[in-house]
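The block underneath contains the structure these notes are about, expressed in structure tokens.
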Amino acid sequence: MIADDGFPHALPHGPIEEVFPDVFVVRGTFRMAPLVTIARNMTILREGEDLTVVTSVRLSAEGEAALERLGTVRHLVRLNGHHGIDDPYYAAKYKPTFWTLPNLKHPSGLASDRHLGADGLPVSNARLFVFERPTVPESALILDRPEGGILCAVDSVQNWTEADLAVCSFVGRIATRLMGFMGPAKIGPGWRRLCEPKDGVGFRPDFERLLQEDFVHLLSAHGSPLRGSAKDDLRATVRRLYGVG
Ligand SMILES: [Fe+2]
């Protein structure tokens with residue numbers, strides 16, 4: 001698991017795909033436990049020559065060469081309390097400005113350089129959406145783009161398809177299906193189990209608020225890009241779970 005450089009080694013991943021102009025996704029993997037590998041994505045935003053890496057995933061040497069052809073990694077963004085195992089590697093390799101929510105401490109001890117929201121954001125034409133209800137900090141970016149708003153989520157909204165299952169281990173595939181991950185714009189079942197208050201209200205107010213935001217596409221740390229119907233699909237999910245939306 002640990003490479004010679006002292007950081008977790010790169011796990012299998014796909015190519016860097018330009019999903020929207022200057023918005024890239026890498027479909028990677030994450031080993032949760034022995035025999036349990038699941039799909040996990042990184043998003044890369046480019047402005048001029050500057051790259052902002054969101055929910056980092058360490059790449060192979062070939063992947064890094066492709067990343068470096070895109071531009072220079074200037075910013076590293078951690079949007080929640082769960083993803084971030086590869087942040088120390090990116091911090092050491094590229095010396096980016098490291099952005100996190102103000103109340104988020106990195107388990108490795110990696111210190112934040114800037115706080116999302118309080119110190120602005122590393123990318124222009126973007127807004128930060130902070131969930132208020134989870135027991136562990138969680139947020140998302142919303143990018144204002146000519147092709148329609150793009151919700152960049154981590155664990156909150158996921159969009160698992162058969163293509164995402166294909167990169168999971170056998171046990172990962174079974175667990176993903178059994179836990180109800182499959183389907184468009186799902187609220188992460190594992191995240192709900194871990195972080196949703198059991199008070200009869202749960203995440204409902206956060207998702208009512210999120211549905212007021214302006215977006216039509218979804219890029220998530222889990223699942224495939226969802227184009228055009230992200231808000232409608234999320235509204236259907238919220239209605240099914242909470243009876244509102
Ligand atoms: Fe996750």
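Observations on the structure shown:
- Those residues of region 204-245 which are under 14 Å from Val154 (Cβ atoms) and either touching a strand residue (DSSP E or B) at 6+ places or on another chain (Cβ under 7 Å) or within 16 Å of the ligand (Cβ to nearest atom) (or both), in sequence order: Leu210, Leu218, Leu219, Ser220, Ala221, His222, Gly223
- Unmet requirement for His106, which otherwise passes all of (1) surrounded by 14 or more Cβ atoms within 10 Å (Cβ to Cβ); (2) closer than 22 Å to Met42 by Cβ; (3) modelled with pLDDT of 95 or more: (3)
- For region 215-245, a residue qualifies if it is part of a loop (DSSP other than H, G, I, E, B) and more than 21 Å from Glu162 (Cβ to Cβ), and the qualifying residues are Phe215, Val216, Gly243, Val244, Gly245.
- Within region 57-71, one or more residues are under 13 Å from the mean Cα position of the chain (by Cα) and closer than 29 Å to Arg177 by Cα.
- Options Leu151, Leu143; residue that is surrounded by 15 or more Cβ atoms within 10 Å (Cβ to Cβ) and either more than 16 Å from the ligand (Cβ to nearest atom) or within 19 Å of Thr97 (Cβ to Cβ) (or both): Leu143
- Residue satisfying all of: in region 89-103; assigned to a strand (DSSP E or B) and of a type in the set (Phe, Trp, Tyr); surrounded by the most Cβ atoms within 10 Å (Cβ to Cβ) among these: Trp99
- Asp164 passes every criterion in (1) touching a strand residue (DSSP E or B) at 6+ places or on another chain (Cβ under 6 Å); (2) assigned to a strand (DSSP E or B) apart from (2).
- Of the residues Leu128, Leu79, the single one that is more than 16 Å from the ligand (Cβ to nearest atom) and at negative phi is Leu128.
- Every pair of residues 6+ apart whose Cβ atoms lie under 8 Å, when the first sits in region 80-105 and is in contact (Cβ under 8 Å) with a residue 40 or more places away in the chain while the second is among the basic types (Lys, Arg) and crowded, with 21+ Cβ neighbours inside 10 Å: His83/Arg40; Asp86/Arg58; Tyr89/Arg58
- The condition (being in a loop (DSSP other than H, G, I, E, B) and either away from the ligand (no atom under 16 Å from the Cβ) or in contact with a Leu (Cβ under 9 Å, 6 or more places away or on another chain) (or both)) is satisfied by just one residue among Leu67, Leu59, Leu51: Leu59.
- Taking every residue in region 181-201 that is closer than 17 Å to Cys168 by Cβ and touching a residue at least 40 places away in the same chain (Cβ under 8 Å) and pairing it with any residue that is part of a helix (DSSP H, G or I) and within 15 Å of the ligand (Cβ to nearest atom), at least 6 positions away or on another chain, the pairs with Cβ-Cβ distances below 8 Å are Phe181/Pro189; Phe181/Gly190.
The values are calculated or read from the model by the stated rules, or taken from the named source; none is laboratory data. Source: prediction; values computed, not measured. Cβ atoms come from the backbone with ideal geometry, glycine included; neighbour counts cover every protein chain shown.
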